[in-house]
Amino acid sequence: CIGVANGLDAIRLILEAYEIGPGDEVIVPAFTYYATWLAVIQTGATIVPVDVIANTANIDPTLVEEAISSKTRAIIAVHLFGQGADMLPLIEIAKNHKILLFEDAAQAHGAETTAGRVGSCSDAAAFSFYPTKNLGALGDGGAVTTNDPTIAARITSRRSYGQGKTKYEHVD
């Protein structure tokens, strides 16, 4: 778990750490908070919106596969309103198409998905601790969770302007 400035930075830093940018497509829910889309825009990647399930407002896994193209690099599942997205089919789709799967868990701290607790079901997950979230701070704040030590190191460096192991060493 790597602390970052806010939820938007968490999503953007994940995308940057995996070198997602211009020419790449990222599948995102058509209905979500603006920060999810803004993070993709900030990397230069293209947003591919996919509709959501009416009673959960989470991305509809049955519609994701048809949105995948040769340029698709990732899917971002957003766990919205404290409800975990249906991650099992998304994990299978990502695996079958050899694309990355990320979670925007900013509104679902502690929630469960069909594959386990939010933040543990994908390549990396973003959290926000903005005061209006279900786990809020006194100001802005965010975090990234990942099991990949290389990605964790990239995010740790980039959250501090590309800093390396010492204060004035900037490597990225």
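The values are calculated or read from the model by the stated rules, or taken from the named source; none is laboratory data. Note that the structure is predicted; figures quoted are calculated from it, not measured. FYI the Cβ positions are ideal-geometry reconstructions off the backbone, even for glycines, and counts take in every protein chain you see. Accessible surface areas use protein heavy atoms only, side chains included; no ligands, DNA or RNA. Shrake-Rupley method; radii C 1.70, N 1.55, O 1.52, S 1.80 Å.
A few points about this structure:
- Residue check, Ile76 open to solvent by less than 70 Å² (accessible area, probe 1.4 Å), under 20 Å from Thr145 (Cβ atoms) and touching an Asp or Glu at 6+ places or on another chain (Cβ under 7 Å): yes
- Search result, residues across the stretch 79-110 that are open to solvent by 10 Å² or more (accessible area, probe 1.4 Å) and in a helix (DSSP H, G or I): Leu88, Pro89, Ile91, Glu92, Ile93, Lys95, Asn96, His97
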